[in-house]
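Reading through the structure tokens given below for one structure.
The values are calculated or read from the model by the stated rules, or taken from the named source; none is laboratory data. Keep in mind that this is a model prediction, so the values were computed, not measured. Here the Cβ positions follow ideal geometry from the backbone for every residue, glycine too, while neighbour counts run over all protein chains shown.
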Amino acid sequence: MRVVICQSAAEATERTVATITRQVRAKPDSVLGLATGGTMEAVYAGLIAAHQAGLSFAQVRSFNLDEYVGLPADHPHSYAMYMRDRFVDHVDLPVARCHLPAGQGDPAQAAADFEALIAAHGPIDLQLLGLGRNGHIGFNEPASALTSRTREKALSQTTLDANRRFFGPGMPMPQSAITMGIGTILDARKIVMLALGSDKAEAVQAMIEGPLRAYCPASAVQLHRHVTIFIDPAAAAGL
Ligand code: GLP
């Protein structure tokens with residue numbers, strides 16, 4: 001595990017962007033694993049800038065970590081719409097090659113279909129990860145099995161509280177999501193994680209220095225041979 005404590009959030013973000021752009025330059029038909037959340041908004045802005053400077057995503061295929069259950073792809077708060085608004089509609093990655101689990105329909109079927117699609121096109125060359133305040137990766141909440149595959153997971157109260165800001169006041173929030181499993185994530189050839197700010201310090205400490213345990217799903221990255229974690233000083237405070 002390579003842990004890089006950067007001087008600032010901006011530097012950590014830039015280095016995450018650079019890791020992804022290097023991957024796509026080296027292998028234009030890379031299979032990327034993509035993430036959502038507030039932290040990633042600046043990463044996608046950086047990737048759009050790289051595209052404007054000449055980087056093509058035309059041959060890339062991408063698989064997102066997760067999607068809320070019950071939201072159609074065109075719902076303003078679905079992760080499918082997040083990806084279109086913040087990335088896909090601004091680059092040359094064909095929208096049909098940017099895959100997310102289906103938020104509508106039978107969640108078990110959607111999860112099985114997503115696993116099958118990853119198996120057909122994978123392995124994922126580079127998986128981008130954020131980190132939940134409670135140590136989740138994707139939506140693998142605490143107590144997720146370390147060998148889990150894509151499935152529906154109920155969202156924990158911490159996650160509901162953290163993500164409510166993306167939903168309007170009084171707007172009902174999905175109570176569960178379909179997420180790649182921890183085992184699915186660990187199948188990626190390489191992992192790059194970006195975690196910023198003091199809200200993440202406790203989870204960063206548990207992930208890097210704590211025991212491998214289902215109560216800190218992110219600690220599973222300790223098992224991976226090729227993982228780079230970019231953090232800023234605030235996120236590194238507990239190390
Ligand atoms: C969300 C996503 C995760 C993301 C995490 C951190 O709930 N499902 O993939 O990494 O929470 O999000 P943020 O960057 O907004 O703190």
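Some notes on this structure:
- Checked against the criteria, Pro142 counts as within 14 Å of the ligand (Cβ to nearest atom), at pLDDT 95 or above and either farther than 29 Å from Glu11 by Cβ or surrounded by 20 or more Cβ atoms within 10 Å (Cβ to Cβ) (or both).
- Residue match in segment 14-24 (condition: surrounded by fewer than 16 Cβ atoms within 10 Å (Cβ to Cβ), under 24 Å from Ala162 (Cβ atoms) and within 16 Å of the ligand (Cβ to nearest atom)): no
- All conditions but one from (1) within 15 Å of the ligand (Cβ to nearest atom); (2) over 15 Å from the mean Cα position of the chain (by Cα); (3) of a type in the set (A, V, I, L, M) apply to Leu93; the one that does not is (1).
- The set of residues in segment 114-136 that are of a type outside the set (A, V, I, L, M) and out of contact with any Lys or Arg (no Cβ under 8 Å at 6 or more places or on another chain) comprises Phe114, Gly122, Gly130, Gly132, Asn134, Gly135, His136.
- Residue within segment 55-69 that is within 13 Å of the ligand (Cβ to nearest atom) and without any contact (Cβ under 8 Å) to a residue 60 or more places away in the chain present: yes
- For Ala108, the conditions (1) in a helix (DSSP H, G or I); (2) more than 16 Å from the ligand (Cβ to nearest atom); (3) without any contact (Cβ under 8 Å) to a residue 40 or more places away in the chain are fulfilled apart from (3).
- Considering only residues in segment 145-156 that are over 17 Å from Leu223 (Cβ atoms) and among the hydroxyl-bearing types (Ser, Thr, Tyr), the one that is nearest to the ligand (Cβ to nearest atom) turns out to be Ser156.
- Of the strands (runs of 3 or more DSSP E) entirely within segment 19-74, those holding at least 1 residues that are farther than 27 Å from Ala154 by Cα occupy 31-34, 61-64.
- Condition broken by Ile185, with the remaining ones in (1) assigned to a helix (DSSP H, G or I); (2) over 29 Å from His226 (Cα atoms) satisfied: (2)
- Filtering segment 149-168 to residues that are of a type outside the set (Phe, Trp, Tyr), over 20 Å from Leu32 (Cα atoms) and part of a loop (DSSP other than H, G, I, E, B) leaves Leu155, Ser156, Gly168.
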